[in-house]
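The values are calculated or read from the model by the stated rules, or taken from the named source; none is laboratory data. On a predicted model such as this, the values are computed, not experimentally measured, just so you know. Here the Cβ positions follow ideal geometry from the backbone for every residue, glycine too, while neighbour counts run over all protein chains shown. With ligands, DNA and RNA removed, areas are computed over all heavy atoms of the protein, side chains included. Shrake-Rupley method; radii C 1.70, N 1.55, O 1.52, S 1.80 Å.
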Amino acid sequence: MQQCKGGYATVYLINGVGLVGFRDPHGIRPLVFGCRATDPADKGKKWTTESMQQAGNKKLDYCIASESVAIDALGFQLVRDVKAGEAFFVDMNTGQCHVRTCVKDATPAPCIFEYVYFARPDSIMDGVSVYETRLIMGEKLADKIRRVYPDTHDEIDVVIPIPDTARTCALQAAYCLNKPFREGFIKNRYIARTFIMPGQAKRKKSVRLKLNTIKPEFAGKNVLLVDDSIVRGTTANEIVQMAREAGARKVFFSSAAPPIRYPNIYGIDIPTREELIAYERKEDEIASMIGCDWVIYQDLPDLEDSISKCAAAEQPLTEFDTSCFSGTYVTGEKIGDEYFTNLFNMRNDDAKQKRDNGGGDNSSRMKPMASNDGCESIPNSAK
């Protein structure tokens with residue numbers, strides 16, 4: 001951890017030794033652990049880190065995962081999060097677990113986008129219910145809509161979420177606005193996330209394959225669409241067009257997250273600044289580009305407060321990685337550094353397209369290595 005800079009939550013199985021998991025000094029990426037007792041006498045016992053370590057010869061099974069839902073699904077009991085700068089080790093020879101703080105004075109600053117988008121709503125991360133945070137996001141979004149559009153928010157006939165992540169936020173926003181909540185889009189679950197797909201044409205085509213409208217919910221109505229975020233604007237533009245084609249009179253678009261104006265460098269494929277629709281654009285310009293009547297974003301302080309309010313008093317959350325919204329990186333990078341120039345050269349759409357087509361000066365290095373019976377790598381030419 002002293003040498004590796006960035007956001008990471010890592011699990012290793014060391015042959016003949018045991019299982020180890022550790023989290024970066026800022027706790028940017030989530031990591032939790034749990035246990036399961038095999039002794040019937042311990043059934044229903046509430047386990048803590050201390051009781052796990054003091055279990056002695058009692059047999060315990062252990063589980064480490066990025067989200068608590070995996071712990072639940074496997075029948076384990078969630079114990080707690082691996083803290084920022086902490087390591088969790090299970091000795092396969094003794095069955096004992098050990099917890100060690102590897103970085104003193106670590107400052108927790110989890111990625112706020114996990115709560116907005118990536119995590120499942122039934123997850124508990126850093127002691128916080130993701131579902132509860134999204135309910136509060138909906139309340140704050142509704143408050144802003146009433147505040148910014150005092151004369152026109154009454155025009156809204158129906159609130160429709162963009163499935164699936166925005167559903168919880170949209171439900172609470174509809175309740176606070178005293179408007180009906182309706183499902184207007186049905187999702188094809190076999191299409192991958194569109195914002196990380198390479199190539200604009202592919203992303204646009206995939207949106208139509210991913211979603212289909214329930215036309216009676218749009219016909220002749222003024223609809224408020226609620227999405228978790230707007231990245232490139234490709235999905236939002238296609239969704240607005242689909243709503244209009246389904247008969248919507250007016251389409252208002254809201255985002256549970258603030259404008260995304262900066263790249264993410266901690267493991268989320270949020271693209272380079274020039275490809276982001278909010279980059280150097282105001283809300284009226286964005287509304288024009290995606291084709292809606294108006295667009296509104298969550299304020300960053302409100303988003304942070306949505307999560308902080310759900311944190312327990314003994315485990316407060318006051319700092320977050322908000323880099324894709326604020327441009328402030330908790331590991332100290334600055335926009336304009338050489339790191340971002342190299343990142344742009346590797347991650348922009350043209351570079352991805354070249355790699356997919358096998359082009360570029362380093363095309364031979366980008367090809368996957370062949371496998372020699374699953375053992376050592378051999379050159380592609382030798383296959």
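Observations
- Residue within the range 71-91 that is closer than 30 Å to Tyr297 by Cα and modelled with pLDDT under 95 present: no
- The range 291-318 - residue that is over 17 Å from the mean Cα position of the chain (by Cα) and of a type in the set (Asp, Glu) and, of those, farthest from Arg261 (Cα to Cα): Glu314
- Matching residues, the range 130-144, being in contact (Cβ under 8 Å) with a residue 40 or more places away in the chain, farther than 11 Å from Ser255 by Cα and of a type in the set (A, V, I, L, M, F, W, C): Ile136
- Identity of the residue in the range 81-112, open to solvent by 70 Å² or more (accessible area, probe 1.4 Å) and among the charged types (D, E, K, R), that ends up nearest to the chain's Cα centre (by Cα): Lys83
- Residue list for the range 39-80, restricted to those being farther than 26 Å from Phe113 by Cα, among the hydroxyl-bearing types (Ser, Thr, Tyr) and either open to solvent by less than 30 Å² (accessible area, probe 1.4 Å) or assigned to a loop (DSSP other than H, G, I, E, B) (or both): Thr48, Thr49, Ser51
- Any chance Lys179 is in a loop (DSSP other than H, G, I, E, B), open to solvent by less than 50 Å² (accessible area, probe 1.4 Å) and either at pLDDT 95 or above or over 25 Å from Ser66 (Cβ atoms) (or both): yes
- Condition broken by Ala243, with the remaining ones in (1) assigned to a helix (DSSP H, G or I); (2) modelled with pLDDT of 95 or more; (3) open to solvent by 10 Å² or more (accessible area, probe 1.4 Å) satisfied: (3)
- Qualifying residue in the range 295-302 (condition: crowded, with 16+ Cβ neighbours inside 10 Å, closer than 27 Å to Gly27 by Cβ, aliphatic (A, V, I, L, M) and touching a Phe, Trp or Tyr at 6+ places or on another chain (Cβ under 8 Å)): yes
- Of the helices (runs of 4 or more DSSP H) lying entirely inside the range 280-356, those containing at least 2 residues that are under 30 Å from Ala173 (Cα atoms) are 283-290, 300-308, 323-326.
- Residue count for the range 1-38, restricted to those that are within 22 Å of Met52 (Cβ to Cβ) and either under 22 Å from the mean Cα position of the chain (by Cα) or crowded, with 16+ Cβ neighbours inside 10 Å (or both): 18
- Any chance Ala311 is closer than 26 Å to Ala84 by Cβ, touching a residue at least 60 places away in the same chain (Cβ under 8 Å) and surrounded by fewer than 21 Cβ atoms within 10 Å (Cβ to Cβ): yes
- Of residues in the range 246-276 being of a type in the set (A, V, I, L, M) and closer than 21 Å to Ile186 by Cβ, the one surrounded by the most Cβ atoms within 10 Å (Cβ to Cβ): Ala256
- Taking first residues from the range 5-18 that are free of Cβ contacts under 8 Å to residues at least 24 places away in the same chain and partners that are among the aromatic types (Phe, Trp, Tyr), the Cβ contacts under 7 Å between residues at least 6 apart in sequence or on separate chains come to Thr10/Phe22.
- Considering only residues in the range 218-240 that are part of a loop (DSSP other than H, G, I, E, B), modelled with pLDDT of 95 or more and under 17 Å from the mean Cα position of the chain (by Cα), the one that is farthest from Phe340 (Cα to Cα) turns out to be Asp228.
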